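Q: The following block contains the structure, expressed as structure tokens.
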Amino acid sequence: MKLVIQIPCLDEEQTLPVTLGSLPRAVPGFDAVEWLVVDDGSTDGTAEVAASLGVDHVIRLPRNQGLARAFSLGLAACLERGADVVVNLDGDNQYAAESIPVLVAPILEGRADMVVGARPIADIVHFSWAKKRLQTLGSLVVRLASGTDVPDATSGFRAFSKKAVERIRVFDTYTYTLETIIQARQKGLEVAWVPVAVNAELRPSRLITSIPAYVLRSMLTIVRIFAIYRPFRFFFLVGMVPFLLGVLLCLRFLWFYVTDGGVGHIQSLVVAGILTAMGFQIVMAGFVADLLSVNRRLLEEMQDVRRPPENKVS
């Protein structure tokens, strides 16, 4: 059994030595433990530092492609190098490496295909009040969309079985955390979570340049998740808003029509017709989106069946 610990990095020349200094070279249940760093177009000496500190595999991207893309390319590289289990963590030493044996245990025991390391959000002192609330909101949305009980859906400290790595595909360009949990459940993979420890902050988060920007990106990600993975429910709820408003206006017109003898208020009927038609069209769009979603999942399942059973090891 081989464990590969992957670290997507962007300009982590200063923090990477601290992160690598705590990584294990032996984990119970594995015959080999290797490290893999994905240098996402860094402008400093991240790749050189990684190589000098004994990282087994350094993947250098010619330009910055974003965290989600670096994560996905890292998973593919781990498979090519014969990984049976992949652990993903950040290069800023946010997550405590001593939690890795706990993180991989559910996979080794056959209880899970993907394990999320849940941080003690309420106790992390460098997280602002707004960030803590957003982490909670994001996790709630993922639980509703996926049917899981993961309390920290935005945690990047995760373990994946080979089966999970082969089946998960990330479409979001901003982050992979929320989408991978929903995808895993949709594809019949078992998702578990374990509490993990965190380290003191070495640098501010690069995903959160400002709270307003983070709120906007988080909300867009959440909306996109529902539109992609629960399209009918999403469009149905959106379409019901104008449809019900149109029905209320129509009832208003009927009330005045009966009580006033049919005098005036024709504008209510016109607006009611527009709103109900708009709502109906949105709901119909939900039907079409749901069919497209089913078709996409069928195509992905066909690709999984056609994939060769063995991966090239380099």
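Q: Using label points projected 7 Å from each Cα along Cα→Cβ, tell me how many nm separate Val288 and Arg143, to one decimal.
A: 3.6
Q: Ok, one more. How large is ³J(HN,Hα), in whole Hz, for each residue of region 175-192 in order, when computed from phi with the Karplus curve 6.51 cos²θ - 1.76 cosθ + 1.60 and θ = phi - 60°, using x for Gly and Pro?
A: Values per residue, Gly and Pro as x: 8, 10, 5, 6, 5, 5, 5, 5, 4, 4, 5, 5, 9, x, 8, 7, 10, 10 Hz.
Q: Carbon and sulfur together cover what percent of the accessible area of region 1-150 at a 1.4 Å probe radius?
A: Roughly 54 percent of what the probe reaches on region 1-150 is carbon or sulfur.
Q: Nearest 5 percent is fine: what portion of the DSSP beta bridges confined to the chain is antiparallel?
A: Bridges in the chain that DSSP calls antiparallel: roughly 25 percent.
Q: What number comes out for accessible area per residue over the chain if the probe is 1.4 Å? Units Å², please.
A: Ligands and nucleic acids excluded, the result is 48 Å² per residue.
Q: With θ set to phi - 60°, apply the Karplus curve 6.51 cos²θ - 1.76 cosθ + 1.60 along region 71-85 and write out the HN-Hα couplings as whole Hz, x wherever there is a Gly or Pro.
A: 4, 5, 5, x, 4, 4, 5, 5, 4, 4, 9, x, 5, 8, 9
Q: Count neighbours as other Cβ atoms within 10 Å of each site's Cβ, and list the GluC sites (Glu not before Pro) in region 35-112 that are DSSP loop with at most 14 such neighbours.
A: Passing sites in region 35-112 are Glu109.
Q: Mind ordering 179-191, 136-148 by average Cβ neighbours within 10 Å, highest first?
A: 179-191, 136-148
Q: Let me ask you something else. Using volume of the Cα convex hull per residue in Å³ as the read-out, say which of (i) 211; (ii) 180; (iii) 158 was calculated from these coordinates.
A: (iii)
Q: With a/c under 1.5 counting as rounded, go ahead and sort region 16-145 into rounded, prolate or oblate using the C-alpha gyration tensor (a ≥ b ≥ c being the square roots of the eigenvalues; past the cut-off, prolate if a/b is larger than b/c, else oblate).
A: Taking the square roots of the gyration eigenvalues as a ≥ b ≥ c, region 16-145 is oblate.
The values are calculated or read from the model by the stated rules, or taken from the named source; none is laboratory data. Computed from a predicted model, the values in this text were never measured in an experiment. Here Cβ is always computed from backbone atoms with ideal geometry, including for glycine, and neighbour counts include all displayed protein chains. Side chains are part of the model used for accessible areas, which takes the heavy atoms of the whole protein and leaves out ligands, DNA and RNA. Shrake-Rupley method; radii C 1.70, N 1.55, O 1.52, S 1.80 Å.
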